[in-house]
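*Asks:* Sharing a structure with you now.
The values are calculated or read from the model by the stated rules, or taken from the named source; none is laboratory data. Just so it is clear, the structure is predicted and the values come from calculations on it, not from any experiment. Cβ sites come from the backbone with ideal geometry, for glycine too, and all protein chains shown count toward neighbours. SASA here: full protein model, heavy atoms, side chains in, ligands and nucleic acids out. Shrake-Rupley method; radii C 1.70, N 1.55, O 1.52, S 1.80 Å.
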Amino acid sequence: MTRTRIEGLLAAFPKLMNTGKQHTFVETESVRYVYQPMEKLYMVLITTKNSNILEDLETLRLFSRVIPEYCRALEENEISEHCFDLIFAFDEIVALGYRENVNLAQIRTFTEMDSHEEKVFRAVRETQEREAKAEMRRKAKELQQARRDAERQGKKAPGFGGFGSSAVSGGSTAAMITETIIETDKPKVAPAPASVHMKIEEKITLTCGRDGGLQNMELHGMIMLRISDDKFGRIRLHVENEDKKGVQLQTHPNVDKKLFTAESLIGLKNPEKSFPVNSDVGVLKWRLQTTEESFIPLTINCWPSESGNGCDVNIEYELQEDNLELNDVVITIPLPSGVGAPVIGELDGEYRHDSRRNTLEWCLPVIDAKNKSGSLEFSIVGQPNDFFPVQVSFISKKNYCNIQVTKVTQVDGNSPVRFSTETTFLVDKYEIL
């Protein structure tokens, strides 16, 4: 259909509505308008006359349910402001003129999906910013302490003068602190990457019951090797496997499996051949599937209790793997719609209330052995079932299964090779149902 044709059909609709009849559709010679009033606006589908009107009405209802997900009020300005969000959501309902088999929950999931690579990038950047700010505060404290020590000893500290030179002193102090801020706020330049680089990545999928019990936990890991200089193509990786959970390991078909089994070395079956250059090669992967509760890295206990017209919700976390350090942890609790914001009581960390998606996000920068547990309490109108499923996301620079490459050596002569590693442990799905 041309744009002119669409605009003509839309322009004709208000004129057809002046009939005064109370129907959910109106027809012309060529098309059928299926519509639903939404306060001062209309949601309208334009279909062919031979389409199934029952299916059209069901599609129309789904479209109309999407609107409140993004718009606080059914007004033209509000809808215009969120037009792109609505278009993306509508695109999940109808594709190329045909209805997709989706429900509202799936539409939410599809439109909110993001990439693990983006999460990794953001987590690394935020960690660098936190480290820079901490370094700035540390250096500022050192400057203050040096000044106090100098004043106590009656000495003249560098950059600090007496009464007569207060202007110069103040300027020097400001210059020193400013220099510290500039230096620590500079983006940290990473060292030149080694010619041999390994990316170790693990992803976890976990489902727990709200009353306890691990329904399923599955973890997949892989070592990706990248060589940027063909001088280091004929190498062997020394793998240290300290896993005690029963992980299943599998080497790449071109890797010498007997050598790995006997000596924990990853090398090619034909030692005369080289690994590919300037491409990521998966050399070892592993898998863990279990229903053993003690293997859960981070337990979540959500306990809603009915209280009058609402619920008091207590939720707590506990780290079970002390060697892990989880960063940028977000525990997302669904909330009932149309009941306002929750009243927050006890809280470890921070929280965000997303009124558009009706969720409460409990945010914790770091969970590790020094910060193993924490709790959140809040009250809101609702029923206990309204607060599930609870979803968890995090990222870690330490892997769960503790499989690492400790050394890289040349095939000829067994001389050591400089290498770098990048470890990431992240969430694919982590739910308490």
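*Asks:* Between Asn309 and Ile53, take the C-beta separation as r, use R0 = 35 Å, and let me know the FRET efficiency to the nearest 0.05.
*Replies:* After rounding, the FRET efficiency stands at 0.30.
*Asks:* Still on this structure: Compare Thr205, Thr24, Thr291 in a GNM of the chain, Cα atoms joined below 10 Å, and give the one with the largest fluctuation.
*Replies:* Thr24
*Asks:* Please report how far the C-alpha centroid of the stretch 28-52 lies from that of the stretch 291-354, rounded to the nearest whole angstrom.
*Replies:* Their Cα centres are 44 Å away from one another.
*Asks:* Run lengths n ≥ 4 of DSSP H only: what is the helix-derived mean residue ellipticity at 222 nm for the chain, with -39500 (n - 2.57) per run over all residues, to the nearest 500?
*Replies:* -9500 deg cm²/dmol
*Asks:* List every residue whose amide H lies under 5 Å from the amide H of Asp256, counting only residues 5 or more places away in sequence or on a different chain, with H placed 1.01 Å from N in the peptide plane.
*Replies:* Gly267, Leu268, Lys269
*Asks:* Quickly work out the Glu272-to-Arg287 label distance, labels modelled 7 Å from Cα along the C-beta direction, and quote it in nm with one decimal.
*Replies:* Each label point lies 7 Å from its Cα, and together they span 3.5 nm.
*Asks:* Once you have the Cα-Cα distance between Phe25 and Thr2, take 0.36 nm times their residue separation minus that, and quote the gain in nm to one decimal.
*Replies:* 6.0 nm
*Asks:* Now, a different point. Can you give me the accessible area per residue for the stretch 1-68, using a 1.4 Å probe, in Å²?
*Replies:* 70 Å²
*Asks:* Now, a different point. Given a 1.4 angstrom probe, what's the average accessible area per residue across the stretch 319-411, in square angstrom?
*Replies:* Per residue, the stretch 319-411 has an accessible area of 45 Å².
*Asks:* Of the listed values (1) 87, 36, 16; (2) 35, 27, 19; (3) 50, 36, 26, grab the one calculated as semi-axes √(5λ) of the Cα gyration tensor in Å from the structure here.
*Replies:* (3)
*Asks:* Quick one: which of Lys370/Lys407; Lys245/Lys285; Lys133/Lys370; Lys245/Lys269 span more than 25 angstrom between C-alpha atoms?
*Replies:* Correct reply: Lys370/Lys407; Lys245/Lys269.
*Asks:* Sticking with this one: Calculated FRET efficiency, Arg138 and Lys258, Cβ-Cβ r, R0 51 Å, to nearest 0.05?
*Replies:* That gives a FRET efficiency of 0.50.
*Asks:* A follow-up question, please. Once the Cα atoms of helix 166-185 and of the chain are each reduced to a long axis, what angle between those two axes, in degrees from 0 to 90 to the nearest 10, is obtained?
*Replies:* For helix 166-185, the angle is close to 70 degrees.
*Asks:* Stretched out fully, how many nm does the piece from Glu218 to Ala369 gain, at 0.36 nm a residue minus the Cα gap?
*Replies:* 52.0 nm
*Asks:* Between Leu16 and Glu81, what length in nm is gained on full extension when 0.36 nm per residue of separation is reduced by their alpha carbon distance?
*Replies:* Result: 20.6 nm gained on full extension.
*Asks:* Another question about this same structure. Pairs Lys273/Lys429; Lys203/Lys273; Lys398/Lys429; Lys203/Lys231: which exceed 29 Å Cα-Cα?
*Replies:* Distance filter (> 29 Å) returns Lys273/Lys429; Lys203/Lys273; Lys203/Lys231.
*Asks:* Just the projected area, averaged over all directions, of the convex hull on the alpha carbon atoms of the stretch 302-433: how many nm²?
*Replies:* Mean orientational projected area (the stretch 302-433, Cα hull): 10.2 nm².
*Asks:* Round to a whole number: what % of the accessible area of the stretch 361-416 belongs to carbon and sulfur, probe 1.4 Å?
*Replies:* Carbon and sulfur together cover 47 percent of it.
*Asks:* Let me ask another. Expressed as an acute angle from 0 to 90° and rounded to the nearest 10, what is the orientation of the C-alpha long axis of helix 53-70 relative to the principal long axis of the chain?
*Replies:* In the chain, helix 53-70 runs at an angle near 50 degrees to the longest axis.
*Asks:* Helix 116-153 versus the longest principal axis of the chain: what angle, 0 to 90°, nearest 10, using Cα atoms?
*Replies:* Computed tilt is about 50 degrees.
*Asks:* Also, I was wondering about something else. According to a simple spin-label model (label point 7 Å from Cα along Cα-to-Cβ), what is the distance in nm between Gln106 and Gln383?
*Replies:* 2.5 nm
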